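Worksheet for the structure shown next.
The values are calculated or read from the model by the stated rules, or taken from the named source; none is laboratory data. Just so you know, these numbers come straight off a predicted model, no measurement behind them. Positions of Cβ are generated from backbone atoms using ideal geometry, with glycine treated the same way; all protein chains shown enter the neighbour counts.
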Amino acid sequence: MKKFEASTLEEAYALAASDFCCSVTELEIQIIQNPSRGILGFGRKNAIILSEPLKKVDSETAVKEKPLPKERKEREVAPAAQQIQKPSDAAEYRIKESISASPKKETPEILIEKSDEPAKESDNSFKEAQTLARTEEMFENLYAETPDIHAISEEIQAKIDNLFACTCFNIDDISVGVYDDETILIEFNGEDAALLIGKEGYRYKALAYLLYNWIHSVYGYKLRLEIAQFLHNQELMIENYLEPIIQRVDLEGRAQTKALDGILVQIALRRLRELFPQKYVAVRTNKEGGRYIIINEFMEKR
């Protein structure tokens, strides 16, 4: 059997099917290691399987077991029959009498021929049915109904509490909830919550990057991280700054912002794209490395 490894069982099955040029239902599969998500991406394990195509009856064996044609069989039996001496009348009578007295039974060779082929067919059918049942069960588990976002938020809540249980910061209970259908909301509040923001928000960006990569890769959802109303205050500040920029776009059809720091670029970019879906809105970098946003006609460059 050949070994295959992938991040999920489904991908491992697909690799095996592609390697043997057949469908998954035609493979004999043995699971060596189930995949594991780990915690925050640590301790993650890949799926490992052993697989080979289902065994088929060898064509050479089938040819050997194929009965000889009737004419050929008669030609081979004829020379042997010529060597047998014809019994006398008395011996022939005794043979006929013994045959008529004994019940008719099938020869062992005929019994073997009748019972051998069905046994092979039933054995192969059983293996195919067993493999098909295992495959259906695995695909049912893969495509089982995924938990909703509220159930996932409760799971994230338990893991977040466990992660920050031993920190030296004086933080109130961390709140994990649902912001919208695609976003998980995590809120930090408490006496030392502002220390998680850091100078110019560098700690906030690091924590947001860590939590987003974990939640998006494991659960497939976006993240909104709120620490001591930091994100809310940043959104209010950028909203006030963008007012004249928006007015200029309405009058002239184009505008650009000043160089913005850190998270402000992302907040402003998201807001401007919501307001001007038909415009070309993109982030550019100046010679000093500062990042700013331009707004103009979609097919034009500036």
Filter the stretch 125-170 for residues that are in a loop (DSSP other than H, G, I, E, B) and of a type in the set (A, V, I, L, M, F, W, C); which is modelled with the lowest pLDDT?
A144
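Residues checked against (1) closer than 30 Å to G43 by Cβ; (2) in the same structural domain as I39 (by TED's automatic domain parsing); (3) touching a residue at least 12 places away in the same chain (Cβ under 8 Å); (4) not hydroxyl-bearing (S, T, Y):
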{"residue": "L207", "(1), (2), (3), (4)": "yes, no, yes, yes"}
{"residue": "L272", "(1), (2), (3), (4)": "no, no, yes, yes"}
{"residue": "V283", "(1), (2), (3), (4)": "no, no, yes, yes"}
{"residue": "K287", "(1), (2), (3), (4)": "no, no, no, yes"}
{"residue": "R291", "(1), (2), (3), (4)": "no, no, yes, yes"}
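Take the residues in the stretch 163-200 that are under 25 Å from A151 (Cβ atoms) and of a type in the set (V, I, T), then tell me which one is surrounded by the fewest Cβ atoms within 10 Å (Cβ to Cβ).
Checking each candidate, the answer is T183.
Going through the stretch 226-249 one residue at a time, which ones are among the β-branched types (V, I, T) and in contact with a helix residue (DSSP H, G or I) (Cβ under 7 Å, 6 or more places away or on another chain)? Please lay out each step first, then the result.
If we filter the stretch 226-249 for residues that are among the β-branched types (V, I, T), which is where we start, we get 227, 238, 245-246, 249.
Selection gives I227, I238, I246.
Being farther than 21 Å from F169 by Cβ and of a type in the set (F, W, Y) is true for just one of Y204, Y209, Y241. Which residue is that?
After applying the criteria, what remains is Y241.
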The stretch 1-21 residues that are surrounded by fewer than 17 Cβ atoms within 10 Å (Cβ to Cβ), paired with ones that are in a strand (DSSP E or B) and among the β-branched types (V, I, T) (beta carbon under 7 Å, 6 or more apart):
K3/I48; E5/I48
Residue pairs, Cβ under 7 Å, 6 or more apart or interchain, first in the stretch 168-183 and under 18 Å from S153 (Cα atoms), second loosely packed, with under 11 Cβ neighbours inside 10 Å. List them.
V178/H150
Search result, residues across the stretch 13-56 that are of a type in the set (A, V, I, L, M, F, W, C), modelled with pLDDT of 85 or more and assigned to a helix (DSSP H, G or I):
A14, L15, A16, A17, F20
Exactly one condition in (1) within 17 Å of L269 (Cβ to Cβ); (2) among the hydrophobic types (A, V, I, L, M, F, W, C); (3) in a strand (DSSP E or B) is false for I184; which is it?
(1)
Output the residue which, of all residues in the stretch 236-287 that are in a loop (DSSP other than H, G, I, E, B) and under 21 Å from L223 (Cα atoms), is modelled with the lowest pLDDT.
G262
